[in-house]
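Report on the structure given below.
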Amino acid sequence: MRLGVLDVGSNTVHLLVVDAHRGGHPTPMHKHKVELRLAETLTKSGALTKAGESSLVQAVADAKEVAAEQGCDDLLAFATSAVRDATNSKAVLSRVRARTDVALRVLSGPDEARLTFLAVRRWFGWSAGQLLCLDIGGGSLELAIGIDEVPDVASSVPLGAGRLTREWLSGDPATKSEIAALREYVDETLASEVKAFQKTDRPDRAVATSKTFRSLARLTGAAPSSEGIRVPRELTLAGLRQLIGFISHMSSADLANLEGVSATRAHQLLAGAIVAESAMRNLGVPRLEICPWALREGVILRRLDMIDGAD
């Protein structure tokens, strides 16, 4: 069957069209992406602005049209932290549905972590053993660990690269005091969160997903995307620390010129790197493997499982 997966995130509205069936590899057939930066349209009170809502409605309507043109049998639409955290989320979702006939499912942070974990588990298989998964988004950091397809611990904390950039790094480049304050905040936020993970068995394999981790890995020597998704890639703690020392003195314009860094996300790369370093250090993980599958693939796989169960 052909599925369309519509991911409304903090930075982008991303439609992925795949051909998929139970037990088979979901094959990407088409992608459609719009950079909305929804999280940046929130007011000081946390509400999504009228302009932000209007952009969201148009993006969802356009994605629905593309999904129809691509012959999708179903459209799985979901939203993450930007919509989840908006104080007027319920009203916005209602208006999106009324104007587009698309019902956006708002995923909780732990559900994001679980679905991403499922995708990583299926990618690496049972040989991965005790699996730790990290995912840095625009609004939150997801963590999960376990031996099965459902993790033993799944958590989400408000340590997204975009969120932290807006709230902590006003300079371009950021000042030393801003960076120091952000490091302290991230460490304090993670300190209590990682306790549950430290009580589990140590991971046999530690894995990271998301654009942020892919960019950090590329900047520390991982293969470029042009070499394909099956080429092994990794991010080491030592390499990440060296990278932070380098990029902390660069403006977002200069960062955008680096290979593997998109112009629309260059400004939040440093915050993402600080979160990654803190998470790896606090979890005692010196090395992360990069997985090409993440939340969207997890949503697809879960849907296929449900269809199979119903049959």
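Side notes on the structure shown:
- Selection status of Arg105, under 21 Å from the mean Cα position of the chain (by Cα), modelled with pLDDT of 95 or more, closer than 27 Å to Ala253 by Cβ and not β-branched (Val, Ile, Thr): no
- Qualifying residue in the range 40-48 (condition: in a helix (DSSP H, G or I) and buried (at least 18 other Cβ atoms within 10 Å of the Cβ)): yes
- Among the residues of the range 72-104, those that are in a strand (DSSP E or B) and farther than 19 Å from Arg37 by Cα comprise Asp74, Leu75, Leu76.
- Scanning the range 130-141 for residues that are open to solvent by less than 10 Å² (accessible area, probe 1.4 Å) and out of contact with any Gly (no Cβ under 6 Å at 6 or more places or on another chain) yields Leu131, Leu132, Cys133, Leu134, Leu141.
- Helices (runs of 4 or more DSSP H) within the range 142-217 that include 2 or more residues under 26 Å from Leu258 (Cα atoms) and either of a type in the set (Ser, Thr, Tyr) or open to solvent by 10 Å² or more (accessible area, probe 1.4 Å) (or both): 161-168, 176-193
- Within the range 241-269, tally of residues that are surrounded by 15 or more Cβ atoms within 10 Å (Cβ to Cβ), under 20 Å from Trp168 (Cα atoms), under 19 Å from the mean Cα position of the chain (by Cα) and not basic (Lys, Arg): 4
- Remark: pairs (first residue in the range 10-39, without any contact (Cβ under 8 Å) to a residue 24 or more places away in the chain and assigned to a strand (DSSP E or B); second residue of a type in the set (S, T, N, Q) and open to solvent by 40 Å² or more (accessible area, probe 1.4 Å); Cβ separation under 9 Å; 6+ apart in sequence or on different chains) = Asp19/Thr27.
- Test: residue in the range 49-69 that is of a type outside the set (D, E, K, R), touching a residue at least 60 places away in the same chain (Cβ under 8 Å), farther than 30 Å from Gln268 by Cα and in a helix (DSSP H, G or I): yes
- From the options Val13, Val8, Val17, residue that is surrounded by 19 or more Cβ atoms within 10 Å (Cβ to Cβ), under 20 Å from the mean Cα position of the chain (by Cα) and closer than 14 Å to Asp73 by Cβ: Val17
- Flag for Val261 being among the aliphatic types (A, V, I, L, M) and within 23 Å of Phe197 (Cβ to Cβ): no
Each row is one residue, and each column tells you yes or no for (1) open to solvent by 10 Å² or more (accessible area, probe 1.4 Å); (2) of a type in the set (Ser, Thr, Tyr); (3) at pLDDT 95 or above.
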residue	(1), (2), (3)
Leu76	yes, no, yes
Ala91	yes, no, yes
Gly109	no, no, yes
Thr116	no, yes, yes
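The values are calculated or read from the model by the stated rules, or taken from the named source; none is laboratory data. Since the structure is predicted, the reported quantities are computational estimates derived from the model, not experimental observations. Don't worry about glycine lacking a Cβ; one is built from the backbone with ideal geometry, like all the others, and counts go over all protein chains shown. We work out accessible area using only protein heavy atoms, side chains counted, and drop any ligands, DNA or RNA first. Shrake-Rupley method; radii C 1.70, N 1.55, O 1.52, S 1.80 Å.
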